[in-house]
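Read the structure below first, then the notes.
Read the figures in this text as sums done on the coordinates, not as results from a lab. Quick caveat: nothing in here was measured; it's all calculated off a predicted structure. Neighbour counts are summed over all protein chains in view; Cβ atoms, including those assigned to glycine, are modelled from backbone coordinates with ideal geometry.
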Amino acid sequence: MPEDNQSTIIQTRDLHKCYWVGTMPYPALHGIDLEIQSGEFVVLAGRSGSGKSTLLNIVGGLESADRGQAQVLGEDILKMGNSQRTGFRLANIGFVFQAYNLIRVLSARENVAYVCQLQGKSKQESLEIANHWLHEVEIGHLGYRRPDQLSGGQQQRVAVARALATDPKIILADEPTANLDSTTGRHLIELMQRLNQNLGTTFLISSHDPDVKQAASRLIKLSDGFIVNSWDEETKPPVSLAVTCPIRNRPFSERLRHFFNPRRTADQQKKQGTSRHS
Ligand SMILES: Nc1ncnc2c1ncn2[C@@H]1O[C@H](COP(=O)(O)OP(=O)(O)OP(=O)(O)O)[C@@H](O)[C@H]1O
């Protein structure tokens, strides 16, 4: 059961992220303040490009941010070095991706066991854990099949078993039903809900899928990199891309350009920001 005394398990403050393609900035997040309590089943909704994956990736320690804080289980994940972050992820966070991301040459149970071996468990113990979780996600009988011998829904169940096998506090799922037909997607989300209720694992899921949104204990709406209360709410234009995309995070060529002609860079960014929101 979810913990009665909920505590904040994920918290971000003023989180900014901008991607660069050559000299063009692509702002993704604008000052995101997020709070997730342990045991919640939260869905991040928003149209394509609204920043859902970016937010999940930063919270999961897969990407850096330009500015702000991201506390996961009380630790500032943005301040960790690479190896510390990898260890933290392995111990505390399970990932489920839209494209399953299974290792093609390994069987379902080997795929699940692999993450346990990364945690330092023996092969035998890891395979036993894998069997347990494959049964939990109702495909225990398919453990010896490779991913290409499984349906999309079955592969995603393997991915969920793999995410759970390390006994994480948090599962981050990026569009987990996007490649599944609606019935299979519904079954998967019901399974995730059940696991959330039985194990108390916190789920943060990004999705466009109405069935997933329906299942949420809380829905967070993202629009153009902002959290909004309703889809009608106008998002603030990224007036200050110069702030969102700090100089030190820009590509070298862009830093040089800015150094020689800061005005031109600001104008270029303003134009870019205006065109994105016009
Ligand atoms: N690697 C990248 N390089 C450049 N721009 C990127 C990159 N990744 C994301 N972006 C941009 O950042 C913004 C947010 O993208 P993100 O993938 O987080 O959105 P999303 O809501 O997850 O979209 P989708 O639902 O299509 O997966 C978009 O404008 C996108 O084009």
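Find how many whole Å separate the alpha carbon centroid of region 43-76 from the alpha carbon centroid of region 109-185.
24 Å
So, with +1 on the Cβ of K and R and -1 on the Cβ of D and E, and no other charges, what is the size of the charge dipole of region 8-245 about its Cα centre, to the nearest 20 debye? Walk me through the intermediate numbers first.
Numbers: 23 positive and 25 negative charges, 105 e Å.
Computed charge dipole of region 8-245: roughly 500 debye.
Divide the volume of the convex hull of the Cα atoms of region 45-162 by its number of residues and quote the answer in cubic angstrom per residue. Mind showing how you got there, number by number?
Working: hull volume 15.7 nm³, N = 118.
Dividing the Cα hull volume of region 45-162 by its residues yields 133 Å³.
Ranked highest first by average number of other Cβ atoms within 10 Å, how do 141-149, 33-41 line up?
Working: 141-149: 14.6, 33-41: 18.4.
The packing order, highest mean first, is 33-41, 141-149.
Given the peptides 153-160, 215-222, arrange them by the average over their residues of other C-beta atoms within 10 Å, most packed first. If you can, show how the numbers build up before the last one.
On the way: 153-160: 24.6, 215-222: 17.4.
Descending mean neighbour count gives 153-160, 215-222.
Per residue Cα convex hull volume for region 8-245, in cubic angstrom? Kindly include the intermediate steps, with their values, before the conclusion.
Values: hull volume 30.6 nm³, N = 238.
In region 8-245, the Cα convex hull volume per residue is 129 Å³.
Excluding Lys123 itself, what net charge comes from residues whose Cβ is under 15 Å from its Cβ, given Lys and Arg +1 and Asp and Glu -1? If you can, show how the numbers build up before the last one.
Values: positive: Arg109, Lys121; negative: Glu110, Glu125, Glu128.
Once all neighbours under 15 Å are counted, the net charge is -1.
Counting Lys and Arg as +1 and Asp and Glu as -1, what is the net charge of the other residues whose Cβ lies under 11 Å from the Cβ of Phe41?
Details: positive: Arg194, Arg218; negative: Glu40.
So the surrounding residues net to +1.
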